[in-house]
Amino acid sequence: MNAGILTGGGDCPGLNAVIRAVVKRGGQLGHTFVGIKDGWKGLIDNSLVELTKDAISGLLPRGGTILGTSRTNPFKKEGDLEKTLAGIKRLSLDCLVCIGGDDTLGVAAKLFDMGIATVGVPKTIDNDLSSTDFTFGFDTAVTIVTEALDRLHTTTEAHHRVMVVEVMGRHAGWIAVYGGLAGGADMILIPEEPFDVEEVAKVVRKRKGEGKNFSIIVAAEGAYPKEVGGVITKEKVLDAFGHVKLGGVGEFLAGEIEKRTGVETRYVVLGHLQRGGSPTAYDRVLATRYGVKAAELMHEKKFGRMAALQGNKIVDVPLKEAAGKAKTVDMEIYRIASVFFG
Ligand code: F6P
């Protein structure tokens, strides 16, 4: 088979490890690959990357994606779907290996319904994709948040301040919960549980009353106060998949905490630091397992399916099942993290 590989949506540490594994295992099974540049955009624009043996050498620890990425949605703009289908035909692609999150895999599922052979690999640092226990990139993001919290602890304690740390997590607070738990946060705010600003202020006051003159509050970017009733955004512009640009909950909360408690409060937005750089060992292994599975799914002609982690096994699930439903935080983990609040 001659297959195309593309990476779509926000980048994620481990993307290159998946590409390497797909090409390596697929090559052993007798298949050839071409890289599609910048997600679905590359099929529309006909921009390609060669995926030879040499091209995949040294990829395992490399962050980003050698294929580039974009949030182009071929179903959005008139004419783009026709160009995408024409691209698949022109390149004589027998299969498309789509590495992405909900949006990219949603497109892969729709194309499969239209008769295009697709297989999926789940990617998102947010870990909010259904049908898989973990996505690669999440462990790296959590490790970065943990290291940041360790550093922020020392300066926050030295200055007797409150530090609000805003982390990624649009629909789900996985990074906030795991990172906050590992980094000893005094309170963690997630999109799943709208918070009460006064409750956060109470935690700060309580800690102060107990002689703990500093507090670390972790907030997922999608967390929002009950009284506001919706996510805090910087801009109202939507991307091609209809997402707003989040950001601002940290700043909002820091202002409210200082006003209500009188304790000097700073905020830090960890932002894209959480997505950059080399994947952790866990993510390299998970990405490689996903890549090998994707090549084998393709070889077995199990199209319309996605590699997934369930328990400690790599299995395959229908793409349709995975796309379209956000996997929200396991409240049992949140309960354990909350034992340490206040
Ligand atoms: O990949 C999802 C995500 O990490 C979200 O948590 C975040 O809102 C978004 O990406 C930001 O991505 P960008 O700024 O690259 O559009």
Single unsatisfied condition, ALA240 versus (1) within 30 Å of LYS77 (Cβ to Cβ); (2) more than 16 Å from the ligand (Cβ to nearest atom); (3) in a loop (DSSP other than H, G, I, E, B); (4) of a type outside the set (D, E, K, R): (2)
Qualifying positions in region 149-175 - charged (D, E, K, R) and assigned to a loop (DSSP other than H, G, I, E, B): ARG161, ARG170
Elements of type strands (runs of 3 or more DSSP E) contained in region 258-342, each with 2 or more residues being out of contact with any Cys (no Cβ under 8 Å at 6 or more places or on another chain) and hydroxyl-bearing (Ser, Thr, Tyr): 265-269
Matching residues in region 93-121 - criterion: being in a strand (DSSP E or B) and farther than 15 Å from ASP316 by Cα: CYS95, LEU96, GLY100
Members of region 27-61 that are part of a helix (DSSP H, G or I) and either in contact with a Gly (Cβ under 6 Å, 6 or more places away or on another chain) or surrounded by 13 or more Cβ atoms within 10 Å (Cβ to Cβ) (or both): GLY27, TRP40, LYS41, GLY42, LEU43, ILE44, ASP45, ALA55, ILE56
Matching option when the condition is surrounded by 14 or more Cβ atoms within 10 Å (Cβ to Cβ), acidic (Asp, Glu) and modelled with pLDDT under 95, among ASP239, ASP316: ASP239
Matching residues, region 119-131, being surrounded by 24 or more Cβ atoms within 10 Å (Cβ to Cβ) and in contact with a strand residue (DSSP E or B) (Cβ under 7 Å, 6 or more places away or on another chain): VAL119, GLY120, VAL121, PRO122, LYS123, ASP128, LEU129
Count - residues of region 159-210 that are of a type in the set (Lys, Arg) and in contact with a helix residue (DSSP H, G or I) (Cβ under 6 Å, 6 or more places away or on another chain): 1
Verdict on TYR290 being within 16 Å of the chain's Cα centre (by Cα), surrounded by 16 or more Cβ atoms within 10 Å (Cβ to Cβ) and away from the ligand (no atom under 13 Å from the Cβ): yes
Qualifying residue in region 250-265 (condition: within 11 Å of the ligand (Cβ to nearest atom) and surrounded by 14 or more Cβ atoms within 10 Å (Cβ to Cβ)): no
Any hit, region 27-45, residues being within 20 Å of the chain's Cα centre (by Cα), closer than 17 Å to ALA294 by Cβ, modelled with pLDDT of 95 or more and hydrophobic (A, V, I, L, M, F, W, C): no
Tally, over region 1-24, of residues that are charged (D, E, K, R) and in a strand (DSSP E or B): 0
Within region 62-92, tally of residues that are part of a loop (DSSP other than H, G, I, E, B) and either crowded, with 20+ Cβ neighbours inside 10 Å or in contact with an Asp or Glu (Cβ under 6 Å, 6 or more places away or on another chain) (or both): 10
Contacts under 8 angstrom Cβ, first residue in region 255-269 being of a type in the set (Lys, Arg), partner not in a loop (DSSP other than H, G, I, E, B), 6 or more apart: ARG260/VAL197; ARG260/GLU198; ARG260/ALA201; ARG266/THR156; ARG266/VAL162; ARG266/MET163; ARG266/VAL164; ARG266/ALA254
Unmet criterion (only one of (1) more than 18 Å from the chain's Cα centre (by Cα); (2) over 18 Å from VAL119 (Cα atoms); (3) among the polar types (S, T, N, Q)) for ASN2: (2)
Matching residues in region 8-19 - criterion: being within 16 Å of the chain's Cα centre (by Cα) and either among the basic types (Lys, Arg) or more than 12 Å from the ligand (Cβ to nearest atom) (or both): GLY14, ASN16, ALA17, VAL18
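The values are calculated or read from the model by the stated rules, or taken from the named source; none is laboratory data. Bear in mind that the values here come from a model prediction, so they are computed numbers and not experimental data. Please note: Cβ atoms are built from the backbone with ideal geometry, for glycine as well, and neighbour counts cover all protein chains shown.
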